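A quick write-up on the structure given underneath.
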Amino acid sequence: MRNHIRPLDPIVIDQIAAGEVVERPASVVKELVENSIDAGASHIEVLLQEGGIRRIEVRDDGLGISADELILAVSSHATSKLRTPEDLEAVASLGFRGEALASIASVSRLEITSLTQDQEDAASILVDFGKAVGPRAAAGGRGTRIVVADLFAQLPARLKFMKRPATELRHCLSWVERLALAHVGVGFTLKHDGRILLEVAASDDLDARCGAVYGVGVAKNMVQIQRQSGPIVLHGRVGPPESARRNASRVDIFLNGRWVRDPRLLRAVREGVKEFVPLGHYPTLYLALSVPPHRIDVNVHPQKTEVRFRDERLVIGSVVKTLQRGLATAPWATRGVGVVGKYDAPNSSSLSSNLTRPAWPGQVRESHYPPAAARSQPGAESALPLQRTPGDTVGQVLSVANTFLVREVTGGMEILDQHALHERVNLEELRRDLRAGVVMSQPLLVPSLVDVGKAELDLLLTRAEVFAKLGVDLEAFGEHTVAIRAIPARLTRLVPEKLVMDLLEIAQEHKSASVDQLMEESLHSMACRGAVMAGDHLDQDGLRGLLARGADLPQDRTCAHGRPVRVFLSLEDLEKAFYRRV
Amino acid sequence: MKFLIDRLAFRDALQRVEMGIDRKPTRPVLGGVLIEANNDSVVLMTSDLDIAVRYRIDQVQVDQTGWAVIPGRELVDVVKDLESETVTVCLKENDQCELIAGEDTCNLVTMESGLDPAATPEAFPSIPTLDGQPDLTVDKQAFLLMVSSTRFATARVQDNRFATEGVLLEATDGEITLVGTDGRRMARIRRPALTHTSDRQRSVLLPKVLDQISRHGQDEGGDELAIYFLNNLVGFRVGNLESFGRVLDREYPNYANVIPAEGKHVIRAHRESLSKKLRLVSHLTQDSAAVVRLQISADQMGVLAEHEGRGRAEATLEVDYVGEGLTAAFNPAFLLDGLKSAHTDQIELQMEDASRPAKFILGENFDYVVMPLSTVG
């Protein structure tokens with residue numbers, strides 16, 4: 001039998017559209033709370049039952065919807081936020097498509113009760129899976145109260161995809177947390193089955209909100225980052241390395257106040273924190289990006305978590321640089337990570353007072369690197385938990401398993417990873433040489449020949465100029481062979497052939513990388529290759545030499561791959577461990 | 001298998017073969033020592049596939065012939081700490097090897113064993129016998145000096161992938177040449193052989209076997225060292241010690257092209273004073289990127305170094321030089337390595353210019369070539 005083509009029933013259209021906007025209770029919560037924010041609410045309360053599957057209620061004290069607009073509010077493509085196509089070019093409100101309420105109304109029992117400033121009595125409307133009843137007079141205070149009950153109850157196909165209430169609740173909570181972070185000045189309360197899960201007062205500042213969302217301990221040690229490059233303004237908070245996770249669940253990026261999850265931005269985050277957070281981890285991150293609305297397109301996806309940038313490179317580049325620069329002077333060291341005792345915030349540390357004044361004349365050596373000191377954040381001052389000891393006064397150093405170095409430092413003891421330290425030392429020294437333009441290269445007696453594929457050879461040669469700046473002199477030697485004429489003088493331990501294989505790998509992995517990026521990657525690889533390995537024996541002179549070099553660095557808390565270089569145990573930590581202190 | 005052996009002789013013999021015990025054996029048997037009790041002697045053997053060592057002990061009293069492979073590390077340590085003058089080693093029926101020393105007894109589990117001396121162990125690598133005329137014989141002291149003069153210049157990696165990890169051993173018409181290089185510097189030494197049966201031989205040896213000979217060859221009797229070029233091994237015999245080193249199947253850099261015939265600038269200096277000046281200024285170089293500049297002018301050499309942010313050092317020494325002068329940058333560690341190995345008090349430096357290899361003549365037929373550093377950009 002032939003199926004005739006005929007127009008769809010409007011309710012079915014809304015139900016299909018709902019699939020894009022409303023996929024689970026969390027999306028309902030998000031849409032409703034965003035509406036409340038757009039309505040200028042100062043406090044928003046979200047009440048959930050069974051993870052929102054049974055009932056979602058959102059109350060606000062915003063502008064409200066007048067009785068005669070209620071019916072329009074639940075019909076599709078009706079919105080107060082856009083009027084002309086030009087408005088779409090510069091969307092500043094959270095919602096604008098006019099889809100959300102209609103979509104939700106088509107797949108649930110929706111009740112809206114609202115009172116505007118000019119009205120005397122509240123009005124309400126009930127929409128039962130797309131069929132509207134009302135409006136009629138109702139009781140209620142100023143603002144809007146929306147109840148969404150039995151979501152997807154009449155759509156078994158969608159109901160099937162709902163997860164356990166606990167899972168759905170977690171998603172709802174995440175959305176309220178994100179919105180609470182993004183909208184300082186608006187108070188939020190989230191209750192589940194009568195229990196308060198999140199409470200943020202309208203007067204709470206960003207730090208308080210970070211505390212509520214990420215935990216007070218993490219928030220206290222978060223580093224503030226800030227930067228403006230051209231029209232792009234960034235500011236954010238980065239959690240200490242120990243709060244890093246293997247997934248991006250604690251990465252919250254806001255673009256003009258809208259939470260976004262963009263793979264390119266996430267990649268930029270990973271790149272930016274690479275040296276500070278273990279490989280493959282994401283930091284705890286709050287990052288707010290302000291980009292003029294006409295430079296981005298948020299109308300890519302109905303959920304608006306993806307965006308397009310007019311000048312993507314600029315935005316991505318700023319994110320990477322902001323994170324890198326901000327963290328280079330981060331006050332949190334990796335001390336106390338997973339060890340006895342807790343890391344004291346610099347201000348409350350009983351040691352900090354000792355550390356702010358030089359313990360011996362030689363300590364003013366810091367002045368060789370004024371930029372590092374000058375860059376550090378206010379409030380972090382020199383209460384850094386690092387006690388830097390000039391090389392010539394380093395006391396006895398104990399090597400454990402030819403891998404870890406233990407030594408006494410002012411106020412406690414320090415354990416260092418020799419490979420990580422050496423790697424960091426190499427990296428910083430390489431960078432310094434590069435900046436100063438004094439890279440020394442070691443020409444080889446006989447060029448080393450390495451057989452590579454034709455394509456590989458071409459790739460290496462196109463990047464040869466970049467490598468040359470680092471002291472690596474490469475040349476084609478026939479069609480399938482590359483000749484290495486010189487290598488960086490620093491890498492005295494390295495076999496030239498190995499270096500070429502490393503560089504080739506880097507060039508392949510970063511085919512479209514900029515010159516700077518490629519250079520950085522190469523430096524990282526060279527720093528690692530040129531470092532002593534765990535298990536390599538170093539005599540006392542070697543140990544002292546390494547530590548002395550470590551003391552000269554602007555950044556020596558993590559190795560080039562983000563693993564910690566040093567762990568500090570304060571006397572207090574030790575006393576606690578031995579129950580000398582309660 | 002049962003024999004009585006002097007403990008100290010046993011201990012010393014085990015030390016000779018110890019380097020062949022694989023510390024991280026891929027097969028358990030490579031971590032063992034093969035003990036072979038023959039009618040009039042006991043032979044110890046070890047092999048980690050890179051090196052193999054065989055050592056014969058004559059002062060033993062063998063009661064019963066046989067052989068056993070015993071855990072190497074444990075055997076070495078146990079024999080070191082035994083107290084008696086003699087040790088009785090005896091293969092028991094339950095696959096254990098018993099060591100009786102006075103009041104004390106140790107039982108070590110054997111990995112393989114047998115009573116028939118003609119039968120050979122299955123899992124233990126077979127080690128060739130050095131029969132017949134050696135390809136070369138050389139004065140032992142001369143050879144040990146050759147090793148210490150080249151070994152330091154070889155690359156310090158152990159990957160078995162690169163020719164520069166090895167030492168080139170070459171014999172041409174009765175002259176033996178050893179070459180070591182890591183690409184940045186190269187040491188070459190030549191000495192005549194005492195006897196030679198083949199005209200041309202060339203092998204790139206993993207340096208471990210040379211380290212083993214340097215360490216234990218001195219204590220062995222006899223003034224002569226015999227060299228056998230085998231298939232993929234080179235065998236060395238001195239006294240009762242036979243060592244075998246694996247040959248690296250890699251193309252070794254052509255050293256003849258590297259070592260300049262002579263240079264425009266010829267400087268003669270006192271080895272000890274140059275070393276002292278280099279050590280002095282090295283204190284003001286960055287540890288990993290150490291650079292010293294040699295400033296050569298008439299009868300004088302300036303040695304300069306600078307560590308950004310720390311200071312600079314300048315030392316001067318008298319040299320024997322006539323010419324227009326020259327400045328070249330070097331890694332001081334490379335120079336000091338060479339000077340430490342020099343055979344003579346006076347050394348000679350020959351250079352064409354600051355960007356070409358500098359040749360140090362550190363003794364008779366002992367050349368050391370170092371590539372100067374250059375600044376990028």
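Just for the protein assembly as shown, what percent of DSSP beta bridges are antiparallel, to the closest 5? All intermediate terms of the calculation are to be shown ahead of the outcome.
Details: 201 of 212 bridges.
Roughly 95 percent of the DSSP beta bridges within the protein assembly as shown come out antiparallel.
Suppose all protein chains stay in the model; what accessible area per residue would a 1.4 Å probe give for the protein assembly as shown, in Å²?
Details: 43050 Å² over 959 residues.
Roughly 45 Å² per residue, with all protein chains present.
Can you sort B:322, B:42 by solvent-accessible area, 1.4 Å probe, largest first? Mind dumping the intermediate values first?
Working: B:322 130, B:42 0 Å².
Sorted by accessible area, descending: B:322, B:42.
Hey, what do the phi angles of region A:475-481 turn into as Karplus ³J(HN,Hα) couplings, whole Hz, using 6.51/-1.76/1.60 and θ = phi - 60°, x for Gly and Pro?
Working through the residues one at a time gives 8, 6, 9, x, 7, 10, 10 Hz.
Under a crude label model (7 Å from the Cα following the beta-carbon direction), how far is residue A:579 from residue B:298 in nanometres?
Rounded to a tenth, the inter-label distance reads 8.3 nm.
With a cap of 10 neighbouring Cβ atoms within 10 Å, and only residues DSSP puts in a loop, list the trypsin sites (Lys or Arg not before Pro) found in region A:228-291. Working shown, then result.
Details: sites: A:237, A:245, A:246, A:250, A:258, A:261, A:264, A:267, A:270, A:274; in loops: A:246, A:261, A:274.
Counting only loop positions with at most 10 other Cβ atoms within 10 Å, the trypsin sites (Lys or Arg not before Pro) in region A:228-291 are A:246.
How much of the calculated P(r) for the protein assembly as shown lies past 46 Å, in percent of all Cα pairs?
Numbers: 231148 of 459361 pairs.
Counting pairs separated by more than 46 Å, the tail of P(r) holds 50 percent.
Give me the number: length gained by fully extending residue B:352 to residue B:365, i.e. 0.36 nm times residue separation minus the C-alpha to C-alpha distance, one decimal in nm. Provide the component values of the computation, followed by the final result.
Values: separation 13, 0.36 × 13 = 4.68 nm, distance 1.99 nm.
Answer, rounded to one decimal: 2.7 nm.
Measure off, as a whole percent, the carbon and sulfur share of the 1.4 Å-probe accessible area of region B:2-109, all protein chains present. Working shown, then result.
Details: 2080 of 4930 Å².
After summing per-atom areas, the C and S share lands at 42 percent.
Search the structure for amide H atoms under 5 Å from the amide H of residue B:92, placed 1.01 Å from N in the peptide plane, and list their residues when 5 or more places away or on another chain.
B:97, B:98
So what's the convex hull volume per residue for the Cα atoms of region B:261-370, in Å³? Don't jump to the answer; show the numbers that get you there.
Values: hull volume 9.9 nm³, N = 110.
Each residue corresponds to 90 Å³ of Cα convex hull volume.
What is the distance, in nm, between label points placed 7 Å from the Cα along the Cα-to-Cβ direction at residue A:8 and at residue B:343?
Distance between the two pseudo-spin positions: 9.4 nm.
With N set to the number of residues, divide the alpha-carbon radius of gyration of chain B by 2.2 N^0.38 Å and report two decimals. Walk me through the numbers before you get to the answer.
Details: Rg = 25.1 Å, N = 377, 2.2 N^0.38 = 21.0 Å.
Normalised Cα radius of gyration, chain B: 1.20.
Could you give the size of the charge dipole of the protein assembly as shown about its Cα centre, using +1 on the Cβ of each K and R and -1 on the Cβ of each D and E, expressed in debye and rounded to the nearest 20? Could you put the intermediate results ahead of the total?
On the way: 111 positive and 131 negative charges, 678 e Å.
So the magnitude is around 3260 debye.
With a Förster radius of 41 Å, plug the Cβ-Cβ distance of residue B:139 and residue A:481 into 1/(1 + (r/R0)^6) and report the FRET value to the nearest 0.05.
Working: r = 42 Å, r/R0 = 1.01.
Efficiency at R0 = 41 Å is approximately 0.50.
Enumerate the amide H contacts of residue A:439 below 5 Å, restricted to partners 5 or more residues apart or on another chain; note that Pro and chain-start residues carry no placed amide H.
B:376
Starting from the Cα-Cα distance between residue A:157 and residue A:142, subtract it from 0.36 nm times their residue separation and give me the gain in nm to one decimal.
Numbers: separation 15, 0.36 × 15 = 5.40 nm, distance 3.76 nm.
Gain on extension, residue A:157 to residue A:142, equals 1.6 nm.
Region A:387-491: which GluC sites (Glu not before Pro) are DSSP loop and have at most 11 other beta-carbon atoms within 10 angstrom?
Working: sites: A:408, A:414, A:423, A:428, A:429, A:456, A:465, A:475, A:479; in loops: A:479.
When the GluC sites (Glu not before Pro) of region A:387-491 are filtered for loop state and at most 11 Cβ neighbours within 10 Å, A:479 remain.
Based on Cβ point charges of +1 for Lys and Arg and -1 for Asp and Glu, what charge dipole magnitude is obtained for region A:246-312 about its Cα centre, in debye rounded to the nearest 20?
Details: 12 positive and 8 negative charges, 27 e Å.
For this selection, approximately 120 debye.
Rank these residues by their accessible area, most exposed first, probe 1.4 Å: A:50, B:308, B:103.
Values: A:50 80, B:308 105, B:103 175 Å².
Largest accessible area first, the list is B:103, B:308, A:50.
Tabulate in residue order the Karplus-calculated ³J(HN,Hα) for region B:78-85, using 6.51 cos²θ - 1.76 cosθ + 1.60 with θ = phi - 60°, rounded to whole Hz; enter x for Gly and Pro.
5, 5, 4, 9, 5, 10, 6, 7
Determine the calculated [θ] at 222 nm for chain B from helices alone, applying -39500 (n - 2.57) to every DSSP H run no shorter than 4 residues and normalising by the residue count; nearest 500 deg cm²/dmol. Walk me through the intermediate numbers first.
Values: 7 runs with 67 residues, N = 377.
About -5000 deg cm²/dmol.
Binned at 5 Å from 0, what are the whole-percent values of the Cα-Cα distance distribution for region B:92-188, short to long?
Using 5 Å bins, I get a P(r) of 2, 9, 12, 12, 11, 10, 8, 12, 13, 8, 3, 0 for region B:92-188.
So, R0 is 25 Å and r is the distance between the beta-carbons of residue A:469 and residue B:314; what FRET efficiency does that work out to, to 0.05? Write out the running numbers ahead of the final one.
Details: r = 30 Å, r/R0 = 1.19.
Using R0 = 25 Å, I get an efficiency of 0.25.
Positive end of the dipole of region B:323-377, charges at C-beta (+1 Lys, Arg; -1 Asp, Glu), about the Cα centre: which of B:375, B:349, B:338 has its Cα farthest in that direction?
With unit charges placed on the Cβ atoms, the residue in question is B:375.
Take the Cβ-Cβ distance between residue B:220 and residue A:462 as r, set R0 to 56 Å, and report the resulting FRET efficiency rounded to the nearest 0.05.
On the way: r = 57 Å, r/R0 = 1.03.
FRET efficiency, residue B:220 to residue A:462: 0.45.
Kindly express, to the nearest 10 degrees and within the range 0 to 90, the angle between helix B:140-150's C-alpha long axis and the longest C-alpha principal axis of chain B.
50
Between exposed trypsin sites (Lys or Arg not before Pro) in chain B, where DSSP calls loop and at most 14 other Cβ atoms lie within 10 Å, what's the longest gap?
Details: sites that count: B:23, B:92, B:156, B:161, B:250, B:264.
Looking at chain B, B:265-377 is the longest stretch - no exposed trypsin sites (Lys or Arg not before Pro) with at most 14 other Cβ atoms within 10 Å.
Below 9 angstrom from the Cβ of residue A:62, what's the summed charge of the other residues (Lys, Arg +1; Asp, Glu -1)?
Numbers: positive: A:142; negative: A:38, A:60, A:61.
Net charge around residue A:62: -2.
Run the quick spin-label model on residue A:396 and residue B:257: label points 7 Å from Cα toward the beta carbon, then report their separation in nm to one decimal.
With each label placed 7 Å out from Cα toward Cβ, I get 5.5 nm.
Is the shape of region A:98-184 best called rounded, prolate or oblate, per the rule: a/c under 1.5 gives rounded, else a/b larger than b/c gives prolate, else oblate, with a ≥ b ≥ c the square roots of the Cα gyration tensor eigenvalues? Before the final figure, lay out each step's value.
Values: a/c = 2.67, a/b = 1.29, b/c = 2.07.
Taking the square roots of the gyration eigenvalues as a ≥ b ≥ c, region A:98-184 is oblate.
Under a 5 Å amide H to amide H cut-off, with H placed in plane at 1.01 Å, what residues pair with residue B:373 once short-range neighbours are removed?
B:329, B:330, B:331
Could you tell me how far the Cα centroid of region A:232-269 sits from the Cα centroid of region B:26-67, in Å?
A separation of 65 Å, based on Cα centres.
For region A:421-468, what % of the accessible area comes from carbon and sulfur atoms, probe 1.4 Å? Could you put the intermediate results ahead of the total?
Details: 1020 of 1820 Å².
Percent of accessible area from carbon and sulfur atoms in region A:421-468: 56.
Quick check: net charge around residue B:350, other residues with Cβ under 11 Å of its Cβ, Lys/Arg +1 and Asp/Glu -1? Before the final figure, lay out each step's value.
Numbers: positive: B:264, B:268, B:356, B:359; negative: B:262, B:348, B:352, B:367.
Net of charged neighbours comes to 0.
Give, as a single signed number, the net charge of other residues whose beta carbon lies under 9 Å from the beta carbon of residue A:148, with Lys and Arg counted +1 and Asp and Glu -1. Before the final figure, lay out each step's value.
Numbers: positive: A:55, A:109; negative: A:57, A:111, A:150.
Here the charged neighbours net out to -1.
Would you work out the charge dipole size for region A:208-328 about its Cα centre, treating the Cβ of every Lys and Arg as +1 and the Cβ of every Asp and Glu as -1, and quote it to the nearest 20 debye? Intermediate values should be presented prior to the final figure.
Details: 20 positive and 9 negative charges, 6 e Å.
The calculated dipole for region A:208-328 is roughly 20 debye.
Could you report the buried accessible area between B and A, both sides summed, computed with a 1.4 Å probe and given in Å² to the nearest 100?
Working: alone 18070 and 27650 Å², together 43050 Å².
Accessible area lost upon association: around 2700 Å².
Hey, how many Å between the Cα centroid of region B:298-377 and the Cα centroid of region B:181-201?
Taking the Cα centre of region B:181-201 as reference, the centre of region B:298-377 is 25 Å away.
Across region B:342-356, in residue order, what do the Karplus-derived ³J(HN,Hα) couplings come to in whole Hz, using 6.51 cos²θ - 1.76 cosθ + 1.60 with θ = phi - 60° and x for Gly and Pro?
Once rounded to whole Hz, the list reads 4, 8, 10, 7, 9, 10, 10, 10, 10, 9, 8, 7, 6, 10, 10.
Looking at region B:2-88, which GluC sites (Glu not before Pro) are in a loop (DSSP not H, G, I, E or B) and have at most 10 other Cβ atoms within 10 Å? List each step's numbers first, then the result.
On the way: sites: B:18, B:36, B:74, B:83, B:85; in loops: B:83, B:85.
Those satisfying the criteria are B:83, B:85.
Say a paramagnetic label sat at a point 7 Å from the Cα of residue B:324, along Cα to Cβ; which residues of region B:358-377 have their backbone N under 20 Å from it?
B:358-359
So, with a 1.4 angstrom probe, what is the percent of accessible area on region B:136-256 that is carbon and sulfur? Don't skip to the answer; put the middle values down first.
Details: 1910 of 4700 Å².
Carbon and sulfur atoms account for 41 percent of the accessible area of region B:136-256.
The values are calculated or read from the model by the stated rules, or taken from the named source; none is laboratory data. Keep in mind it's a predicted model, so treat the numbers as computed, not measured. Backbone-built Cβ (ideal geometry, glycine too); neighbour counts: all protein chains shown. Just so you know, the surface numbers come from the protein's heavy atoms only, side chains and all, with ligands and any DNA or RNA stripped out. Shrake-Rupley method; radii C 1.70, N 1.55, O 1.52, S 1.80 Å.
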